[in-house]
Amino acid sequence: MNELLYKDESYKVIGSCMEVHRELGKGFSEIIYGDALEIEFKKNNIIYSREKRFKISYKGEFLPHYYIADFIIDNKIILEIKAIESLTSAHIKQTLNYLAASKIKLGLLVNFGEDSLTYKRVIL
């Protein structure tokens, strides 16, 4: 049986997301959930960077625009947060593109916009 990629780290991150959702509920914008997550991450000693920029290369040249990851956890996991009615396949594809551009193997796509927190593990 295969072990989940970054199981312990993922568990801590999702637990922090659940705590934020339990406290705030749904209805806020993504930036509010991000601010609350920073408090939880610090409280739980989770190493992270917020709004990290990644350059996109095209045929050996960097494009003038870049993408910004909501959170990078311990340089191992991209955490993409949403505050929407429901996650779609387009959000999963977006996270896959972020993983490819960053060379990070695991993405956690988390939605605070539903009655209960929902999330998906996205693996490159």
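Rule-based calculations on the coordinates, nothing more; no lab input. These numbers come from a predicted model, not from an experiment. No Cβ is skipped: glycine too gets one built from the backbone with ideal geometry, and neighbour counts run over all protein chains shown.
General remarks:
- Computed extension gain for Glu51 through Ala90, at 0.36 nm per residue and net of the alpha carbon distance, reaches 12.0 nm.
- Selection from Ile46, Leu79, Tyr66 lying farthest towards where the dipole of the chain points positive, charges on Cβ: Tyr66
- Loop GluC sites (Glu not before Pro), the range 1-84, which have at most 10 other Cβ atoms in a 10 Å radius of their Cβ (DSSP): Glu3
- The charge dipole of the range 7-123, taken about its Cα centre with unit charges on the Cβ of Lys, Arg, Asp and Glu (plus for the first two, minus for the last two), comes to roughly 560 debye.
- Of the trypsin sites (Lys or Arg not before Pro) found in the range 52-117, those that fall in a DSSP loop while having at most 11 other beta-carbon atoms within 10 Å are Lys59, Lys103.
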